[in-house]
Amino acid sequence: MMPACIAAPPPTCDSVEADVYGFAVVDAEPYCLGTVLACSEGPAASPAVVDLGMPPNITATTGYTSQRLVYRTERRAGQAGVGSAMMLWPDTVDPTAPLVVVAHGTAGLADDCAPSKLPSGGTTDLVFPYVGNGMPVITIDYAGLGTEGVQGYGEWYDTAQSVLDGARAGLAMLGADRPIVVIGHSQGGGAVFATQALAGSVAPELDLVLAVAHAGGFTTKTTITPTQAALLPLAPINGANGATRAINAVALYATYANLFGERQAPLVFHPDVRDTVVNAIDNQCVYDIVTALATPGPGYLPPDTYGELVEPGFLDAVIACLQMDADACTPEGQAYADHLQAAPPLPDPEGAPLVFLGGENDILYLPKTYACNLAYLETAMVPHEGCFVAGATHGDLVARSARAVLDRILGEPLVCPPEAPLAACP
């Protein structure tokens with residue numbers, strides 16, 4: 001019989017930051033999921049400072065204090081992990097308010113990119129409307145970002161586990177149960193959908209009352225046909241002003257590292273671009289990665305296709321596995337092919353209501369993707385509300401919809417900003 005996990009109360013927040021972010025996974029293994037393992041004091045902000053970072057039409061009623069912490073989580077099933085976070089405490093706490101759990105957008109893979117290391121714990125538009133109005137907030141870093149390992153970028157089970165265990169950690173810090181609201185943007189929007197899908201089975205004790213996804217979706221199609229597999233080398237990666245190239249590179253690195261070991265991750269890239277790509281990912285955050293990978297330099301031309309980014313022998317093996325060519329399929333190729341076709345968690349009709357928001361001018365979370373997600377939720381009878389915001393881009397959608405989301409959390413009906421005509425789902 002497996003021994004029971006250790007349930008421990010949160011420690012005193014007297015650690016130094018290096019001990020929080022450097023907490024060893026092996027030392028976390030005996031503890032229950034969501035256990036706060038170490039904690040350090042973080043920054044504080046006055047109501048005036050919070051007000052300066054507010055989206056339009058929202059006023060701060062309180063400032064906050066904060067702590068940075070590390071908590072026990074799980075990566076793949078049975079694999080121990082640790083995640084870091086910032087807990088923000090309003091100076092004046094609304095006793096009826098939910099705990100807000102913030103899931104961040106793509107930040108990068110380098111440890112210094114962890115949003116909890118920022119003074120606000122992340123993007124202010126995702127944090128300040130709620131902490132500045134009396135709600136305790138925990139803004140989490142996905143396990144392996146800032147802490148030991150490499151985050152599971154695009155691994156929705158891994159990411160959702162970080163969110164759910166972050167909620168457990170936040171409740172432990174509060175010392176009492178509260179309703180949970182999960183809010184995310186971009187990668188964090190996808191994490192919100194995955195969290196809503198898995199909460200009932202993975203964390204049934206949590207009272208998840210609302211899940212809010214800004215510019216993040218889910219997919220229902222994972223099968224890659226032999227014909228589609230043959231075209232992988234030609235797939236363009238130079239869209240969205242260079243963001244698509246950077247996202248593909250980060251996803252490749254993260255997945256290869258988690259499948260085959262962190263030291264092996266550089267080997268996934270084509271030798272012609274390997275040094276530049278790996279240097280950018282190892283040392284920079286997402287916006288600088290976009291710039292670095294889009295800029296020609298000595299011995300480097302930006303890859304425009306998947307085939308120009310990926311190591312040719314590995315890509316050939318992946319294609320062979322997708323085409324069920326047993327002679328050319330390797331164990332590494334099969335593992336990656338299985339990853340590409342892994343069934344994603346789909347929203348739960350019995351789960352928390354979803355609020356999801358898309359932007360008319362978003363070049364990453366495309367209008368057609370929003371339309372297809374909406375169609376699926378309606379067909380699957382998942383409780384949901386949506387706003388397709390006129391003129392909104394990937395970058396400003398959160399700010400433009402924050403007032404509507406805050407009101408919805410406060411129990412008011414969702415009143416969308418001005419909306420654009422819905423795109424077609426192909």
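The values are calculated or read from the model by the stated rules, or taken from the named source; none is laboratory data. Computed from a predicted structure; not experimentally measured. Cβ atoms come from the backbone with ideal geometry, glycine included; neighbour counts cover every protein chain shown. Just so you know, the surface numbers come from the protein's heavy atoms only, side chains and all, with ligands and any DNA or RNA stripped out. Shrake-Rupley method; radii C 1.70, N 1.55, O 1.52, S 1.80 Å.
Sort out which residues of region 381-426 are assigned to a helix (DSSP H, G or I), open to solvent by less than 60 Å² (accessible area, probe 1.4 Å) and under 27 Å from residue 240 (Cβ atoms), and write them in order of number. Give the derivation first.
Start the filter on region 381-426 by keeping residues that are assigned to a helix (DSSP H, G or I), which leaves 397-409.
Subsequent filtering for residues that are open to solvent by less than 60 Å² (accessible area, probe 1.4 Å) retains 397-399, 401-402, 404-409.
Passing the criteria: 397, 398, 399, 401, 402, 404, 405.
Name the residue that is modelled with the lowest pLDDT, counting only residues in region 209-221 that are among the hydrophobic types (A, V, I, L, M, F, W, C) and crowded, with 20+ Cβ neighbours inside 10 Å. If we take residues in region 209-221 being among the hydrophobic types (A, V, I, L, M, F, W, C) and crowded, with 20+ Cβ neighbours inside 10 Å, then 218 is modelled with the lowest pLDDT. Checked against the criterion of being assigned to a helix (DSSP H, G or I) and farther than 15 Å from residue 339 by Cβ, region 252-262 contains one or more residues that satisfy it. For region 127-142, residues that are over 13 Å from the mean Cα position of the chain (by Cα) and either assigned to a loop (DSSP other than H, G, I, E, B) or more than 22 Å from residue 9 (Cβ to Cβ) (or both) total 10. Filter region 121-151 for residues that are small (Gly, Ala, Ser) and surrounded by fewer than 24 Cβ atoms within 10 Å (Cβ to Cβ); which is nearest to residue 336 (Cα to Cα)? Top of the filtered list is 149. Can you find, within region 330-348, the residue that is farthest from the chain's Cα centre (by Cα) among those that are assigned to a loop (DSSP other than H, G, I, E, B) and exposed (fewer than 15 other Cβ atoms within 10 Å of the Cβ)? Residue satisfying both the conditions and the ranking: 341.
Condition check: among the hydrophobic types (A, V, I, L, M, F, W, C), closer than 25 Å to residue 277 by Cα and either surrounded by 17 or more Cβ atoms within 10 Å (Cβ to Cβ) or out of contact with any helix residue (DSSP H, G or I) (no Cβ under 9 Å at 6 or more places or on another chain) (or both). Does residue 318 satisfy that? Yes. Is there a residue in region 4-16 that is modelled with pLDDT under 95, closer than 27 Å to residue 177 by Cα and acidic (Asp, Glu)? No, that holds for no residue.
Here's the yes/no breakdown for (1) of a type outside the set (A, V, I, L, M, F, W, C); (2) assigned to a loop (DSSP other than H, G, I, E, B):
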| residue | (1), (2) |
| --- | --- |
| 144 | yes, yes |
| 151 | yes, yes |
| 154 | yes, yes |
| 157 | yes, no |
| 160 | no, no |
| 166 | yes, no |
| 171 | no, no |
| 178 | yes, yes |
| 183 | no, no |
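With the requirement that a residue be open to solvent by 30 Å² or more (accessible area, probe 1.4 Å) and part of a loop (DSSP other than H, G, I, E, B), what does region 98-112 give you? Result: 106, single match.
Specify the residue that is farthest from residue 190 (Cα to Cα); the eligible residues are those in region 75-97 that are in contact with a helix residue (DSSP H, G or I) (Cβ under 7 Å, 6 or more places away or on another chain) and surrounded by fewer than 22 Cβ atoms within 10 Å (Cβ to Cβ).
Filtering region 75-97 down to residues in contact with a helix residue (DSSP H, G or I) (Cβ under 7 Å, 6 or more places away or on another chain) leaves 75-76, 80-88, 90.
Checking the rest, the ones that are also surrounded by fewer than 22 Cβ atoms within 10 Å (Cβ to Cβ) come to 76, 80.
Working: 76: 18, 80: 23 Å.
Here the residue is 80.
Comparison of 206, 164, 171 shows that the only residue that is at pLDDT 95 or above, open to solvent by 10 Å² or more (accessible area, probe 1.4 Å), of a type in the set (A, V, I, L, M, F, W, C) and closer than 23 Å to residue 377 by Cα is 206. Would you confirm, using the coordinates I've provided, whether residue 294 is closer than 19 Å to residue 150 by Cβ and either modelled with pLDDT of 95 or more or touching a Cys at 6+ places or on another chain (Cβ under 7 Å) (or both)? Answer is no for this residue. Whether any residue in region 246-254 is crowded, with 16+ Cβ neighbours inside 10 Å, in contact with a strand residue (DSSP E or B) (Cβ under 7 Å, 6 or more places away or on another chain) and either of a type in the set (Val, Ile, Thr) or more than 30 Å from residue 392 (Cβ to Cβ) (or both) is what I want to check. The answer is no; no qualifying residue exists.
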